[in-house]
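The values are calculated or read from the model by the stated rules, or taken from the named source; none is laboratory data. Computed from a predicted model, the values in this text were never measured in an experiment. Quick reminder, even Gly has a Cβ in these numbers, built from the backbone with ideal geometry, and neighbours come from all protein chains shown.
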Amino acid sequence: MSTTSIVNRLVGNPISWGVCEVPDWGFQLESRTVLAEMKRLGLRGTEQGPVGYLGSTPEAVAGAAAEFSLPIVGAFVPLVMHDRAQRDAMRKAAHFSASLLGATGKGFFITAVVVDEGWGKRFPLSSDQWQSMFDGFKEVDEICAGYGIKQVLHPHLNTLVETFDDVRRVVDGSNVRWLLDTGHLMIGGTDPAKFARDHFDLVDHVHIKDAKMSIAKRFLAGEITLLEATRDGVFCSAGDGDVPIADVVKTMESKGYSGWYVLEQDIAIVGDQPRNPVSASAAVERSIRYLATLN
């Protein structure tokens, strides 16, 4: 493993403070408040959060990053790819997010393949719909190249790349690069440590996310929604759950990974829960302390 602590390559994401792109997720803290907490905790950069969260122009996004000296290392972009009839909308959304990211840094364009803009329910895809997705990856790769950035695919719950079979189908049928998200892979049925071992050459970006599988199983069974699972604590501090984070990091480091580790500890601020960002920061600090031991 690297002699340099991964904490020196650890960056934040607004989702750890409850800021999420999923509709009706809950109360959204103001961006400067969240970035100030990231800076206070010693995180080395940030992802953009929901599209437009840090601003809707390159100047606004760059200004937010510069104010807190937090480089932007990625932008999460939900796209509809399985439906060729929506290709123009996909292109427009991809160009918008790629232009912001390309103008403010060299982070990764992080694609999540959603059913629709409202994050509708998953359904089985036809062969043509899978091929439409694969063709979409190629087109977004080309769009990103025009802005000097790279696309990575984010396997994500409640999207069309969630399960073990989904992951295998994309690996076998597409050349898209990958974001290895430890929590989403694990809950979806893919061992993230095995994915790191078997597909290291496909991985350009890593999200560190722990999860309690006892709660995740209730989500997978359809007993609770993802928001309810998050409210119930499915995503816990790193080291407190069932995801083999240490094995993933050991594998990535031993194979020469030198990129960022994005700490994600999803929460949702709902109902009468406290809206003080320091309460979320305490859980993030616990994760940082754990990750500092993985040298």
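Going through G74, G148, G105 one at a time, which residue ends up being farther than 30 Å from I215 by Cβ, of a type outside the set (D, E, K, R) and within 19 Å of the chain's Cα centre (by Cα)?
Only one candidate passes the filter, namely G105.
Could you list, ordered by first residue, the pairs with Cβ atoms under 8 Å in which the first is in the range 59-72 and free of Cβ contacts under 8 Å to residues at least 12 places away in the same chain and the second is not basic (K, R), at least 6 apart or interchain?
A60/L54; G63/G55
Name the pairs: first residue in the range 30-47 and over 19 Å from G105 (Cα atoms) and assigned to a helix (DSSP H, G or I), second residue modelled with pLDDT under 95 and not small (G, A, S), Cβ to Cβ under 6 Å, at least 6 apart or on different chains?
Listed by first residue and then by second, the contacts come to T33/P277; E37/P277.
Any residue at all in the range 175-183 that is of a type outside the set (V, I, T), farther than 17 Å from V77 by Cβ, touching a helix residue (DSSP H, G or I) at 6+ places or on another chain (Cβ under 8 Å) and surrounded by fewer than 22 Cβ atoms within 10 Å (Cβ to Cβ)?
Scanning the range 175-183, I find at least one residue that is of a type outside the set (V, I, T), farther than 17 Å from V77 by Cβ, touching a helix residue (DSSP H, G or I) at 6+ places or on another chain (Cβ under 8 Å) and surrounded by fewer than 22 Cβ atoms within 10 Å (Cβ to Cβ), so the answer is yes.
Please find, within the range 199-208, the residue that is nearest to I110 (Cα to Cα) out of those that are surrounded by fewer than 21 Cβ atoms within 10 Å (Cβ to Cβ) and of a type in the set (A, V, I, L, M, F, W, C).
Among residues in the range 199-208 that are surrounded by fewer than 21 Cβ atoms within 10 Å (Cβ to Cβ) and of a type in the set (A, V, I, L, M, F, W, C), the one nearest to I110 (Cα to Cα) is V203.
So, in the range 23-44, of the ones that are buried (at least 20 other Cβ atoms within 10 Å of the Cβ) and farther than 14 Å from V284 by Cβ, which residue ends up farthest from the chain's Cα centre (by Cα)?
S31
Restricting to the range 9-32, what's the tally of residues that are at pLDDT below 95 and polar (S, T, N, Q)?
Selection size over the range 9-32: 1.
Please indicate, with yes or no, whether at least one residue in the range 96-112 is in a loop (DSSP other than H, G, I, E, B), out of contact with any Lys or Arg (no Cβ under 8 Å at 6 or more places or on another chain) and either acidic (D, E) or without any contact (Cβ under 8 Å) to a residue 12 or more places away in the chain (or both).
Kept after step one, since they are in a loop (DSSP other than H, G, I, E, B), are these residues of the range 96-112: 105-107.
Still in the running and out of contact with any Lys or Arg (no Cβ under 8 Å at 6 or more places or on another chain): 105-107.
After this cut, where a residue has to be either acidic (D, E) or without any contact (Cβ under 8 Å) to a residue 12 or more places away in the chain (or both) as well, the list is none.
No, because not a single residue in the range 96-112 is in a loop (DSSP other than H, G, I, E, B), out of contact with any Lys or Arg (no Cβ under 8 Å at 6 or more places or on another chain) and either acidic (D, E) or without any contact (Cβ under 8 Å) to a residue 12 or more places away in the chain (or both).
Any residue at all in the range 69-79 that is assigned to a helix (DSSP H, G or I) and either touching a helix residue (DSSP H, G or I) at 6+ places or on another chain (Cβ under 7 Å) or farther than 20 Å from I149 by Cα (or both)? Talk me through it step by step, then tell me what you get.
Going through the range 69-79, the residues assigned to a helix (DSSP H, G or I) turn out to be none.
Looking through the range 69-79, none of the residues is assigned to a helix (DSSP H, G or I) and either touching a helix residue (DSSP H, G or I) at 6+ places or on another chain (Cβ under 7 Å) or farther than 20 Å from I149 by Cα (or both).
If you check D116 against the conditions, is it among the acidic types (D, E), touching a residue at least 40 places away in the same chain (Cβ under 8 Å) and not in a helix (DSSP H, G or I)?
no
Which residues, counting only those in the range 142-159, are over 19 Å from A229 (Cβ atoms) and either in contact with a helix residue (DSSP H, G or I) (Cβ under 9 Å, 6 or more places away or on another chain) or among the hydrophobic types (A, V, I, L, M, F, W, C) (or both)?
Within the range 142-159, I143, C144, A145, G146, Y147, G148, I149, K150, Q151, V152, L153 meet the criteria.
Quick one: which of A196, A216, A211, A246 is in a helix (DSSP H, G or I), out of contact with any strand residue (DSSP E or B) (no Cβ under 9 Å at 6 or more places or on another chain), surrounded by 22 or more Cβ atoms within 10 Å (Cβ to Cβ) and not β-branched (V, I, T)?
A216
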